[in-house]
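Rule-based calculations on the coordinates, nothing more; no lab input. It should be emphasised that the depicted structure is a prediction, and the values quoted were computed from it without experimental measurement. FYI the Cβ positions are ideal-geometry reconstructions off the backbone, even for glycines, and counts take in every protein chain you see.
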Amino acid sequence: MMGHRGCRLAVTYPEIAKMQTSAVIRAAINVKKKHPDWTVEPEIMIPLVGEVKELKYVKDVVVATADAEIAAAGIEMKYEVGTMIEIPRAALTADQIATEAEFFCFGTNDLTQMTFGFSRDDAGKFLDAYYDAKIYESDPFAKLDQTGVGQLMEMAVEKGKKVRPSLHCGICGEHGGDPSSVEFCHKIGLDYVSCSPFRVPIARLAAAQAAIADK
């Protein structure tokens, strides 16, 4: 579903963003109080952003809520607010998005879906015919399309870091467990990948191999 979800839900119902921010910050405060020697710096990610004004609107709600929670607890705590780049428009306007976002996390599942114009719900009905006809060599939801989706990612990293050199970037989605996709992420300068737990060993090995090959 591409409609009423992600940051769009927070624009129509800001109380949802307030509730989620309070939950994240209160949890972080509780951990910090129990373990004062730990460095606790929450990262709050605003999903499905396609327009910088949309991001700023939700970020303002997040920051006001987080600052109030931290002040009420009487402690000091750093936190970051970033966004998930999963809409092609966000990748194309990443220089604008980076004026508000402190980090990018590529939602490659949705970015693939929207770049190809596929729906994950029904793509399985016709993709087998595409593999048989050699139109696609592999499932674009399993192995990152480096030519199209990858180009958007590379552009977004480059544009974002020009505006905010400290910007850190990663991906979340099943592509984070595919070795060739991990290698590509390393090549374009991403800092991390995330994936489902059973794929973590593969991702770690692929990241290590990419780093060694790079040397």
What residue among C185, C169, C195 shows peak mean-square fluctuation when the chain is described by a Gaussian network model with Cα springs under 10 Å? C195
Dipole magnitude of the chain, debye to nearest 20 (Cβ charges: Lys/Arg +1, Asp/Glu -1, about Cα centre): 380
Among the lysines, which have Cα under 26 Å from the Cα of K53 when same-chain residues fewer than 8 positions away are ignored? K18, K78, K159, K161, K162
Sorted largest first, the Cα spans of the range 41-105 on the principal axes come out in Å as 41, 19, 16
Aspartates and glutamates whose Cα lies under 12 Å from that of K187, excluding same-chain neighbours fewer than 8 positions away: E154, D214
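Can you tell me how much longer the chain between R89 and F198 gets when fully stretched, taken as 0.36 nm per residue apart minus their C-alpha distance, in nm with one decimal? Don't jump to the answer; show the numbers that get you there.
On the way: separation 109, 0.36 × 109 = 39.24 nm, distance 3.20 nm.
Extra length available between R89 and F198 comes to 36.0 nm.
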With the dipole of the range 64-215 defined by +1 on each Lys or Arg Cβ and -1 on each Asp or Glu Cβ, the option from L111, Q151, Q96 whose Cα lies farthest towards the positive pole is Q151
Work out how far the C-alpha atoms of the chain reach from end to end along every principal axis, then list the three figures in whole Å, largest first. 62, 42, 34
Would you work out the charge dipole size for the range 148-215 about its Cα centre, treating the Cβ of every Lys and Arg as +1 and the Cβ of every Asp and Glu as -1, and quote it to the nearest 20 debye? 240
Do the sum for the chain: with -39,500 (n - 2.57) for every DSSP H run of n ≥ 4, divided by all residues, what is the mean residue ellipticity at 222 nm, to the nearest 500 deg cm²/dmol? -16000 deg cm²/dmol
Cβ-placed point charges (K, R +1; D, E -1), dipole of the range 111-184 about Cα centre in debye, nearest 20: 500
